[in-house]
1. Among the residues in the range 245-258, are any in contact with a helix residue (DSSP H, G or I) (Cβ under 6 Å, 6 or more places away or on another chain), on the phi > 0 side of the Ramachandran plot and either in contact (Cβ under 8 Å) with a residue 24 or more places away in the chain or small (Gly, Ala, Ser) (or both)?
2. So which of 291, 286 ends up being among the small types (Gly, Ala, Ser) and closer than 24 Å to residue 176 by Cα?
3. Quick one: which of 12, 20 is free of Cβ contacts under 8 Å to residues at least 24 places away in the same chain and of a type outside the set (A, V, I, L, M, F, W, C)?
4. Taking the stated definitions as given, is residue 396 assigned to a helix (DSSP H, G or I) and touching a residue at least 24 places away in the same chain (Cβ under 8 Å)?
5. Here are some conditions: (1) in contact with a helix residue (DSSP H, G or I) (Cβ under 7 Å, 6 or more places away or on another chain); (2) closer than 25 Å to residue 296 by Cβ; (3) in contact (Cβ under 8 Å) with a residue 40 or more places away in the chain. Residue 79 meets all but one. Which one does it not meet?
6. For the range 95-117, does any single residue satisfy the condition of being within 8 Å of the ligand (Cβ to nearest atom) and in contact with a Pro (Cβ under 9 Å, 6 or more places away or on another chain)?
7. Taking only the range 147-164 into account, find how many residues are out of contact with any Gly (no Cβ under 9 Å at 6 or more places or on another chain) and in a loop (DSSP other than H, G, I, E, B).
8. Condition first: within 16 Å of the ligand (Cβ to nearest atom) and exposed (fewer than 13 other Cβ atoms within 10 Å of the Cβ). Now tell me which residues in the range 1-33 satisfy that.
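Here, each number is a calculation from the coordinates, and none is a lab measurement. Quantities reported herein were computed from a predicted structural model and do not represent experimental measurements. Reconstructed Cβ throughout: ideal geometry from the backbone, glycine too, with neighbour counts over all protein chains shown.
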Amino acid sequence: MNKIADINQIRSFFPALEQSVNSKTLVYLDNGATAQKPKQVIDLVNMMNSGINGNIHRAVHELSSKTTELYEDSREAIRQFINAAQKEEIIFTSGTTASINLVAASYGGKYLRKGDSVLVSEAEHHSNIVPWQLICESKEANLRVLPVDENGNWRMDMLDNLLDSSVKIVSVSHVSNVLGLINPVEELIFKAHAKGIPVLIDGAQSIVHIETDVRKLDCDFYVFSGHKLYGPTGTGVLYGKREILDSMPPWMGGGDMVETVTFEKTTYAPLPLKFEAGTPNFIGAAAMLEAIRFVESIDKKFLENTERSIVEYMTEELLKIEGLRLYGAGENRISLFSFTVNGAHPSDLAMIMDKMGVALRSGQMCAEPLMRRYGVESMLRASFAAYNTIDEAEYLITSLKRAIKMLS
Ligand code: PMP
């Protein structure tokens, strides 16, 4: 089948893009927070809610068989999408946050000892800081931080020293939700593995922008959210190498994750169910299949070229604006830009921009340590998706200039 290489055709799948906001055509540039959903995803969710609804893995009746099949088909599609070796390595969760909490509690609970360390970077989302702090606190272990330089790049020169024998796991983002830079995860994984340390990659932002091959990356864990990948809210994935997942204890107990239960002793189901206690968001998880089909229906070269044009245009135009500081300098980046403007508060700018129909993110971006690093309390962020156009980038720049003028 021919791949789609036409932005209008891509946009036509997204009903949300047709709406007006504050009497202006919506220009949705908060995709880093959550992406809009294509019709295919909406239709599958509606179809399941309207009838194909029976709890998975439980009953022999027709509806249960159908939902189980849709759920498991989606798991297989995700396996292929990230090139995992086995279906059992794909665990459905409610999102990136839940995936990291699972690994922190289960892996950290088993392997961390007093005096051990967990290494994260200075540019992490709170979701990749706090779960580690919780487990470190209970184990009397330490959270170590790989700093970023003024441009937002990891201080790779400090890595060797930080990666000493106390480090039991490294957990870092492929792309920061603030800086948009593509981090040198391959080099980090190589160096950590040379010392026998496993690595978790937070792919919440990268999964939409970078072709992901977990086997090529050789990461031990890779986590992402479905809702940023055009899928339903409350869906996410934890990929883990089978050997390491097999060695970890369950995180949550409940239905579906057991083999046999007695009051004396319970044995657990094999992967992946061991980590999927209770009734999951099976409709959402099943609909991730449609989100992946949508992504795969688009011509990759077309996507890359559009993104490159947006990156070039945005960096050039943003840097021309007097008093604007862009955080995260470097060419190896995705179309996500965080900035501040002298004399204009990010939330005031975001509010004015909203009146012009442009949806931007403002605030501390769930990355307070990074805000502190740059000595700011908040930033403004524009993040693009496959359906955003150069025209929208131009409208953003024009509106931003007008908004700045209004505040000066
Ligand atoms: N990590 C990163 C890099 C993110 O961008 C986000 C979402 N902004 C998260 C983790 C958390 O994702 P979720 O809220 O979907 O669990």
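1. yes
2. 291
3. 12
4. The answer is yes for residue 396.
5. (3)
6. Yes, the range 95-117 contains a residue that is within 8 Å of the ligand (Cβ to nearest atom) and in contact with a Pro (Cβ under 9 Å, 6 or more places away or on another chain).
7. The number of residues fulfilling the criteria is 6.
8. none
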